[in-house]
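The values are calculated or read from the model by the stated rules, or taken from the named source; none is laboratory data. These numbers come from a predicted model, not from an experiment. All Cβ positions, even for glycine, are placed from backbone atoms using ideal geometry, and neighbour counts span all protein chains on display. Each accessible area value is taken on the protein alone, full model and side chains, heavy atoms only, with ligands, DNA and RNA left out. Shrake-Rupley method; radii C 1.70, N 1.55, O 1.52, S 1.80 Å.
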Amino acid sequence: MPEHECVNDLLERDELLDALGAALAAGGRMLLVGGEAGAGKTSLVRTFAARAGTPVLQGSCENLATPIPLAPFADIAAAAGGPLAEALDARADPRAVARALLAGMSEPVLVVIEDVHWGDEATLDALRVLGRRIDGSGGLVVATYRDDETVGDHPFRVVLGELASAPGVSRLRVPRLSLDAVRTLAVPYGADGDALHRLTAGNAFYVTEVLASGAGALPETVRDAVLARVASLDPAARLLLDVVSLVPGRAELWLLEAVAPGEAAHLDACLAAGVLREDEDGVAFRHELARLAVESAVPVARRRGLHAALLAALASPPACPPDASRLAHHAEAAGDVAAVLEHATAAARHAAATSAHREAAAQYARALRHARELTDAERAALLEAYALEAQSTGRFAESIEARLEAGRLYAAAGDRLGEARMLSLLTIPYITGGRNEEAEASSRAAIEMLEELPASRELGMAYAAQAYVRMIDRDNADGVVWGRKAVDVAELFDDAELLAFGLNMIGTSHVMAGETELGIDFLQRSLGVAREYSLELRVGAALSMLGSGLGEMYELQRSEEYLREHIAFAEERDIWPHYTRAWLTLVELYRGRWERAGVLAHEVLTQAHDPISRITALIAIGRVRARRGDPGSMEALDEALELSRPGGHLQRLGHVHAARAEALWLVGDRDGAADEARAVYDLALEKRHLWFAGELAYWQRRSDVLDAWPTWIAEPYRLHLAGAFVDAADAWRARAARTRQRGRSRTQSARSCCSTPSRSSRSSARRRRRETSANGYGRSACPSRGAHALRRVRIRPS
């Protein structure tokens, strides 16, 4: 009976091979080849590559607990060299890496990237760029992924959506095998094809593994099939197989020689058994499920010893620098605490530098799991770094806990500056988590402590944080005052990041006060500083504030442009995008795109767990349902109200109560509408919020419970209430159509405050950025130094 011939036949795949061939002949194409785990994607692509008749470049993503940034491109560069290798050596950003690969695709070439669902964020960013720019090149990029794992908020779902309309991108799906195909495969083995199909549901890998196991009876699970097959290997071959199973992805031949020199000679037996396959200068399991099955059976003591040996070997690879991600993976499995701390921290820094912030957070979390033996100061620094990455990726509760613990450690060590810094940095995640009272207390405590110490950039950051609290409460004049204080300290210390933060707070406060153009000018200044100094998080913050702030002021066209820019920026860099995505749902709603608003809002709710994103999405859903007359409007708005109450501020409550007033009025409940509109009307008047006061007054008037209103409310509502309905409609249309100014305005009042840094200031800031590691404010933050730390900050009168 043939050993594997029938198993390796590609049945029911001719149409897929034809589609791949047509795409290669056309050139300038990307095919995303999806299917469930074990569907046969890899076999399909490798069969096609063997027949392609063109150069083939291959890379793959690995199922590490923390993926290696740009791993498949490193695989390709190792074979191709050229601009791609140069870009990776220079630690270029993902876009530059993609452009370097495209530069080598002027002639027909096949690029295969396997298992992109395991890719890190930098890899996914590069894939985005490839998809958008592939049209017009001479090559074909084939990327395989598991569609049964890319569900919910999986990062690759975003990539699929973004590339759906790209002209050179198409999708192929590898289906399950039919009953007839399984019967055909089972014949040479004397197996029951019908039973096999019922067991495997036509999954090609399961079918192949069960048949290749050679078991006399059908195993109950694929794991049993794999283990039954490897049980026939002699002890030396089995030990070698254990080693390979502990290496995610591909195990290099040199690595096997280093870890198991006596057993490496038995590699042919493993290959002959059909367990492993050759992979260039290494070997790999024919499928990840098989590797996991073997790994699970490795005895604990042997597993730890082998991981230790793998760690030692990978620390000195023969032809390339050590990979910190791989070292951290094996160090943790080996129980080598010192090595985990060293390599996980290095891997986290590298991941953050390549905008793979989720991976950075995961690596810092790995280090913290083993940080018991560190000094308090070392553990506090690690907690700070983790807190920043957690906040950047939307894990606000984890960020809060990390900063609270770091603050306790600093306090115990008598480090008041560190303790105060943590109190200040808690402000943003507290507010994002709906814990506004704690944010206020933390911010005030930080300022009180820092004003008793010598002047420092930490004091400036605390002023900026207090500006944020005041802006969120819509105490806009105070927000400007505290923002100016932050800018004064930024100028004292030539600190670009603090300057960007302070300008942002001044600008957003002006926007919220209805001084829209003045506010935009300051926000554009903040954005310019952040871009000049590559302050990634401050760029994101400026775009987010422009988008959401202009949305609240019903500058809908301009808001949408900034929101979409922020979403693209954030998703490319693995920064939390859900709040701006939630605001985009409201902008879509207010521009009359109800269907799109509803779909986007539901997507946000499936992915976002923070209160402020959920509140905004629920308001959109409630208003869409109310305007359509669909059921469930008040249920969505009830949940939004419950989430808004802990914060207790106008920014959320004004939106929610206005939406609830509208929903009730639309079903004829005028008393209920009036009650909702009155609930926060006085607060809207107190804060002098043009739009909330206007809308709440409008619904009260429609409910016949209000006879007078202020003249300063937003123009469309003022015209409505005055009975000038045509003029009001024109005002609404004008706000929806106003486009974004491509250059920022330069008002005299903005120029008179907060100049950008001088050339010498920029030079010193760049030098400090090179000298400073992540400290809680961002990778480009610069600490106080020298005589500056001994001065008291002088605040100019505003």
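Restricting attention to segment 570-620 and to residues that are open to solvent by less than 20 Å² (accessible area, probe 1.4 Å) and of a type in the set (D, E, K, R), the residue that is farthest from H655 (Cα to Cα) turns out to be D574.
Of all residues in segment 19-39, exactly one satisfies the criterion of being at pLDDT below 90 and open to solvent by 20 Å² or more (accessible area, probe 1.4 Å), namely E36. Within segment 632-647, being under 21 Å from L683 (Cβ atoms) and not hydroxyl-bearing (S, T, Y) holds for L637, D638, A640, L641, E642, L643, R645, P646, G647. Taking the criterion of being closer than 14 Å to A319 by Cα and crowded, with 18+ Cβ neighbours inside 10 Å, the only residue of segment 76-88 that qualifies is A77.
Per this entry, L685 is counted among residues that are open to solvent by 20 Å² or more (accessible area, probe 1.4 Å) and not in a loop (DSSP other than H, G, I, E, B).
Applying a threshold of 6 Å to beta carbon distances and a minimum spacing of six or more residues, or different chains, the list of pairs starting in segment 286-310 at a residue that is among the basic types (K, R) and ending at one that is open to solvent by less than 50 Å² (accessible area, probe 1.4 Å) reads R291/S245; R291/F285; R304/A334; R304/G335. Looking across segment 437-460, the residues that are closer than 21 Å to A486 by Cα and either in contact (Cβ under 8 Å) with a residue 40 or more places away in the chain or aromatic (F, W, Y) (or both) come down to P454, A455, S456, R457, E458, L459, G460. Here E359 qualifies as modelled with pLDDT under 95 and either part of a helix (DSSP H, G or I) or in contact with a helix residue (DSSP H, G or I) (Cβ under 6 Å, 6 or more places away or on another chain) (or both). For segment 626-637, the set of residues classified as within 19 Å of A608 (Cα to Cα) and open to solvent by less than 70 Å² (accessible area, probe 1.4 Å) consists of A636, L637, listed by residue number.
Evaluate the following for R623: is it of a type outside the set (S, T, Y), out of contact with any Gly (no Cβ under 6 Å at 6 or more places or on another chain), part of a helix (DSSP H, G or I) and open to solvent by 10 Å² or more (accessible area, probe 1.4 Å)? Give the derivation first.
Values: of a type outside the set (S, T, Y): yes; out of contact with any Gly (no Cβ under 6 Å at 6 or more places or on another chain): yes; part of a helix (DSSP H, G or I): yes; open to solvent by 10 Å² or more (accessible area, probe 1.4 Å): no.
Spelling it out, it is not the case that R623 is of a type outside the set (S, T, Y), out of contact with any Gly (no Cβ under 6 Å at 6 or more places or on another chain), part of a helix (DSSP H, G or I) and open to solvent by 10 Å² or more (accessible area, probe 1.4 Å).
Just so you know, in segment 172-199 the residues that are part of a loop (DSSP other than H, G, I, E, B) and open to solvent by 60 Å² or more (accessible area, probe 1.4 Å) include one that is modelled with the highest pLDDT, and it is R176. The single condition among (1) within 22 Å of D574 (Cβ to Cβ); (2) open to solvent by 10 Å² or more (accessible area, probe 1.4 Å); (3) in a helix (DSSP H, G or I) that D153 does not satisfy is (3).
For segment 526-543, what are the residues that are open to solvent by less than 20 Å² (accessible area, probe 1.4 Å) and in a helix (DSSP H, G or I)?
Taking segment 526-543 first, the residues open to solvent by less than 20 Å² (accessible area, probe 1.4 Å) are 526-527, 529-530, 533, 535, 539-540, 542-543.
Hits for segment 526-543 are S526, L527, V529, A530, V539, G540, A542, L543.
Can you tell me which residue is modelled with the highest pLDDT among those in segment 201-219 that are within 38 Å of the chain's Cα centre (by Cα) and open to solvent by 10 Å² or more (accessible area, probe 1.4 Å)? Walk me through it before giving the result.
Initial filter on segment 201-219 (within 38 Å of the chain's Cα centre (by Cα)): 201-209.
Okay, now just the ones that are also open to solvent by 10 Å² or more (accessible area, probe 1.4 Å), so 201, 204-206, 208.
On the way: A201: 70, A204: 86, F205: 76, Y206: 74, T208: 78.
Result: A204.
Looking across L543, L537, L503, one residue alone is closer than 25 Å to A568 by Cα, in contact with a Phe, Trp or Tyr (Cβ under 9 Å, 6 or more places away or on another chain), at pLDDT below 95 and not polar (S, T, N, Q). It is L537. Being among the charged types (D, E, K, R), within 22 Å of the chain's Cα centre (by Cα) and either buried (at least 17 other Cβ atoms within 10 Å of the Cβ) or at pLDDT below 90 (or both) is a description that applies to R91. Scanning segment 657-674 for residues that are within 30 Å of the chain's Cα centre (by Cα), more than 22 Å from R395 (Cα to Cα) and at pLDDT 95 or above turns up nothing. Give segment 490-520 a look and list any residue that's surrounded by fewer than 24 Cβ atoms within 10 Å (Cβ to Cβ), in contact (Cβ under 8 Å) with a residue 60 or more places away in the chain, of a type outside the set (A, V, I, L, M, F, W, C) and part of a helix (DSSP H, G or I), or say none. Listed by number, the residues that qualify are E491, E517. Against the definition (within 29 Å of E686 (Cβ to Cβ) and out of contact with any Asp or Glu (no Cβ under 6 Å at 6 or more places or on another chain)), how does M471 come out, yes or no? Against the criterion (within 29 Å of E686 (Cβ to Cβ) and out of contact with any Asp or Glu (no Cβ under 6 Å at 6 or more places or on another chain)), M471 qualifies.
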